[in-house]
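The values are calculated or read from the model by the stated rules, or taken from the named source; none is laboratory data. Since the structure is predicted, the reported quantities are computational estimates derived from the model, not experimental observations. All Cβ positions, even for glycine, are placed from backbone atoms using ideal geometry, and neighbour counts span all protein chains on display. Ligands, DNA and RNA are excluded from the accessible area calculation, which covers all protein heavy atoms including side chains. Shrake-Rupley method; radii C 1.70, N 1.55, O 1.52, S 1.80 Å.
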Protein chains: 2
Amino acid sequence: MKPKISDVAHAAGVSPTTVSRVLNNRGYISEDTKKKVYKAMDALNYLPNDLARSLYNKRSNIIGVIVPTTSNPFYGELAAKIEHHCAEKGLKVLLCNSLFNVEKERNYWEMLRRNQVDGVIVCTYNRGLIDYDDHHLPIVAFDHYLSKRIPVISSNNYEGGVLATTHLLKSGCKKIIHINGPLDLETPANLRRKAYEDVMKEQDLPVLTYEIKPVLKQEATAKAVATVFDEQQDIDGIFASDDSIALAVIREARERGITVPDSLKVVGYDGSEFVREIAPELTTIQQPINKMAETAINHLLLQIEGTTQVPNQELVHHVLLRKGTSA
Amino acid sequence: MKPKISDVAHAAGVSPTTVSRVLNNRGYISEDTKKKVYKAMDALNYLPNDLARSLYNKRSNIIGVIVPTTSNPFYGELAAKIEHHCAEKGLKVLLCNSLFNVEKERNYWEMLRRNQVDGVIVCTYNRGLIDYDDHHLPIVAFDHYLSKRIPVISSNNYEGGVLATTHLLKSGCKKIIHINGPLDLETPANLRRKAYEDVMKEQDLPVLTYEIKPVLKQEATAKAVATVFDEQQDIDGIFASDDSIALAVIREARERGITVPDSLKVVGYDGSEFVREIAPELTTIQQPINKMAETAINHLLLQIEGTTQVPNQELVHHVLLRKGTSA
DNA sequence: CTGAAAGCGCTTACAG
DNA sequence: CTGAAAGCGCTTACAG
């Protein structure tokens, strides 16, 4: 069986209390005893049982991370970065892929609470699902407003929309279309669209927003993009609300013999590592995923360890125009 | 504070033992008592503490998943699918991104053992890192041979290599190049290359394998691909060992005015959901990620619950030629 | 500087 | 059908 603290104590000829003390570096222990204990731990290949520690300490050092799915590189990267910063701080990550499914998410919340996680980072679309205010579990939301009580981490989506649109304008575009993913109101991401519309109006240019219906994403995107090209002529710029859509636009343009960027300029949104690698030609608004992940866990830690009441706030990150050759 | 079992017992007017019994559906309890207990749990919003349960039961229902990084959609999808099948079986996933870093991985192993995980699924390149045979923790390896004792889940990489190469041959290609990611010997993935070489030799065609040096992947890939085009003329087919490389090939071809698939046919490897979405034109060998994930956790569960000694075996999955327009 | 005892929140023989 | 007691592997006052 796995050795426990009393086995170590026995081997070192001391009491369990003492072993625990050297384990936690607490109180005074003579160098000699320390050495004996370390030696015994080594000999037995002892590793403390974190379950028991967590039970006593009422601190599991585990945090729950709920994302739609890590299959999507944006969330995959986000999860990876969150986990990275957690590991650096001695925290562990319980991964939850909600798949936009309310029922699944509800189960995850219960699971996380049963497992005594110290806090959770959630990127969910299921508003009002949980009575977040009910339990005083530290929570940080990603890009979504969940409740008055919960701080949200986001990048400056309005700034991103402005950057994208003005970049297209400066490049000489006159007729710019915006293609939007399935609209989820009250989401910071919708500011991308608002920014586009504001900028266009300011320039007295027509506002042309298309929205992809939230059906089977893959074909829906292709179809929606085809519709845009069918319905509109002389488009010279497209600002897509995410990189998949932008790449679908470029593909469709190519098939129709429209050259990018000469006759059509395309700007995407997100700029995850993988998309940058796989499509370096794409001009896109890059979200600082790593920084956002870091802020999220720092802020969560503030709540977890915080003596002070952490105010509900929105932590907004600057966004970057990453120039490829598509615009 | 969070209610505990004794609070529920008190509220229901029974003993903690009884509450535990209804919680676990064990032994005989009168319907009446059951109702009282459920009512009390509801009223107190009681949720059992899994830490305490796991401690007593010596079963955490947590499994560790070590991947290079979920930023990469192949591993992101793999992690998501593993987590999905775990959730269905009441298991929880502790996520570890090793980033190909031996030191990080070593720490993860220790962390997982401290947390009393029931088993681990590992996709690691760090052979010989851990004395896997040392501890009798159930382990399943993904695509990598770690030790005689550890079963490995893989897809039939040889079959994939044959499929890709013969598809190119059937499409009329005469001069086919294989571009390989950084070579990691003894890895099932190298069978892709072996298959290519076998098929080419059999047809008395020249074997032309290029290998990408394991440096900064992004530029390395672009550069390696450019080299291939510089050094070789009249190439009419390229079999790339993963989809990123295949897409880099298509991009480079486009820049050089080589039309795909007319003058050059390209086949990739992996076929993750995201790449299929973002590049539906790519012909690729698709790995059955979901099935592999399912097999992995089923096999792990066999070890965990197994009374019988689970034999070390390789569980090979069939692979699929997914036809796009690139070949 | 060190140890015996109680407790973290559960569960399970063992009685009744 | 139900409860008192002991124990899962730790830690922390409290004594000494």
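Using 31 Å as the Cα-Cα cut-off, could you pick out the over-long pairs in A:35/A:89; A:265/A:291; A:170/B:265?
Checking Cα-Cα distances, A:170/B:265 exceed 31 Å.
Just A:262, A:234, A:42 to compare: in a GNM of chain A, with alpha carbon springs under 10 Å, which one fluctuates most?
Answer for the Gaussian network model of chain A: A:42.
Most fluctuating residue of A:286, A:303, A:203 in a GNM of chain A with Cα springs under 10 Å: which is it?
A:203
If amide hydrogens are placed 1.01 Å from N in the peptide plane, which non-local residues have theirs closer than 5 Å to the one on residue A:315?
Close amide H contacts, sequence-distant or interchain: A:152, A:153, A:154.
Restricting attention to the alpha-carbon atoms of segment A:157-288, what are Rg (one decimal) and Dmax (integer), both in Å?
13.4, 38
What does the charge count around residue A:30 come to, taking other residues whose C-beta lies under 15 Å from its C-beta (Lys +1, Arg +1, Asp -1, Glu -1)?
Spelling it out: positives minus negatives among the neighbours equals +4.
If the label for residue B:259 sits 7 angstrom from Cα along the Cα-to-Cβ line, what are its distances to the same label in every other copy, in nm to one decimal, shortest first?
1.6
What are the ³J(HN,Hα) couplings of segment A:43-59, residue after residue, when phi is run through the Karplus curve with 6.51, -1.76, 1.60 and θ = phi - 60°? Round to Hz, x for glycine and proline.
Values per residue, Gly and Pro as x: 4, 8, 6, 7, 9, x, 8, 5, 4, 5, 4, 4, 4, 5, 6, 6, 8 Hz.
What number, rounded to the nearest 500 deg cm²/dmol, is the helix-based mean residue ellipticity at 222 nm of chain B, given -39500 (n - 2.57) per DSSP H run of at least four residues and division by all its residues?
-14000 deg cm²/dmol
Run down the aspartates and glutamates and flag those whose C-alpha is under 18 Å from the C-alpha of residue B:104, throwing out any fewer than 8 positions away in its chain.
A:77, A:83, A:88, B:131
Quick one: grab Rg to one decimal and Dmax as a whole number for segment A:1-130, Cα atoms only, in Å.
For segment A:1-130, the Cα-based Rg and Dmax read 19.8, 58 Å.
All other residues with a Cβ under 14 Å from the Cβ of residue A:231 taken together, and with Lys, Arg as +1 and Asp, Glu as -1, what is their net charge?
Result for the neighbourhood of residue A:231: -1.
Taking the solvent-accessible surface of protein heavy atoms with a 1.4 Å probe, what is the per residue accessible area of segment A:213-280 in Å²?
Accessible area per residue, segment A:213-280: 43 Å².
Rounded to whole angstrom, how close does the nearest chain B beta-carbon get to the axis mapping B onto A, and which residue is it?
Measuring from each Cβ to the axis, the minimum is at B:76, 2.
Could you tell me the largest-minus-smallest coordinate of the C-alpha atoms of chain A on each of the three principal axes, in descending order and whole angstroms?
Result, largest extent first: 85, 39, 32 Å.
For the protein assembly as shown, max minus min Cα coordinate along each principal axis, in Å, sorted largest first?
Rounded to whole Å, the extents work out to 76, 65, 56 Å.
Distances in nm, one decimal, shortest first, from residue B:198 to the same residue in every other copy, taking the label point 7 angstrom along Cα→Cβ.
6.2
How much accessible area per residue does segment B:5-48 have, in Å², with a 1.4 Å probe?
For segment B:5-48, the per-residue accessible area is 65 Å².
Out of residues 5 or more away from residue B:210 or on other chains, whose amide H comes under 5 Å of its own, with H placed 1.01 Å from N in the peptide plane?
B:178, B:179, B:180
At 0.36 nm per residue, and after removing the present C-alpha to C-alpha distance, how many nm does the segment from residue B:259 to residue B:320 gain when stretched out fully?
19.4 nm
Could you tell me which of B:172, A:60, A:90 has its Cα farthest along the dipole of the protein assembly as shown towards the positive end, charges placed at Cβ (Lys, Arg +1; Asp, Glu -1), taken about the Cα centre?
The listed residue farthest towards the positive side: A:60.
So who's got an amide H within less than 5 Å of the one on residue A:175, skipping anything under 5 residues away but keeping other chains? H placed 1.01 Å off N, in plane.
Under 5 Å from the amide H of residue A:175: A:236, A:237.
Please give the charge dipole size of chain A, origin at the Cα centre, charges +1 on K and R Cβ atoms and -1 on D and E Cβ atoms. Round to the nearest 20 debye.
Approximately 1340 debye in magnitude.
Between residue B:211 and the same site in the other copies, what are the distances in nm, shortest first, taking label points 7 Å from Cα along the C-beta direction?
Those separations, rounded to one decimal, come out as 5.4 nm.
Have a look at segment A:50-73 and report residues whose accessible surface goes down by 40 Å² or more when the remaining protein chains are included, against the chain on its own, probe 1.4 Å, ligands and DNA/RNA excluded.
A:50, A:51, A:55, A:70, A:71, A:73
State, in square angstrom and to the nearest 100, the accessible area buried between chains B and A, both chains counted, probe radius 1.4 Å.
Between B and A, the summed buried area is about 5000 Å².
Can you give the net charge of the other residues whose Cβ lies under 13 Å from the Cβ of residue B:90, counting K and R as +1 and D and E as -1?
It works out to a net charge of -1.
HN-Hα J couplings of segment A:93-99 from phi, Karplus 6.51/-1.76/1.60, θ = phi - 60°, integer Hz, Gly and Pro as x?
Per residue, the Karplus-derived 3J(HN,Hα) values read 10, 9, 8, 10, 9, 7, 6 Hz.
Over the protein assembly as shown, with every protein chain in place, what whole percent of the accessible area is carbon and sulfur at 1.4 Å, could you tell me?
The computed percentage sits at 51.
I need the shape label for segment B:5-48. Rule: rounded when a/c is under 1.5, else prolate if a/b > b/c, else oblate, with a, b, c from the alpha carbon gyration tensor.
It is prolate, given that a/c is not under 1.5 and a/b is the larger ratio.
Near residue A:36, which lysines are there with a Cα under 20 Å away, not counting those fewer than 8 places off in the same chain?
Counting by Cα, and skipping residues close in sequence, residue A:36 has these lysines nearby: A:2, A:4.
Apply the Karplus parameterisation 6.51 cos²θ - 1.76 cosθ + 1.60, with θ equal to phi minus 60°, to every residue of segment A:296-304 and state each ³J(HN,Hα) to the nearest whole Hz, in sequence, with x for glycine and proline.
Coupling constants for segment A:296-304: 4, 6, 4, 5, 5, 4, 4, 5, 5 Hz.
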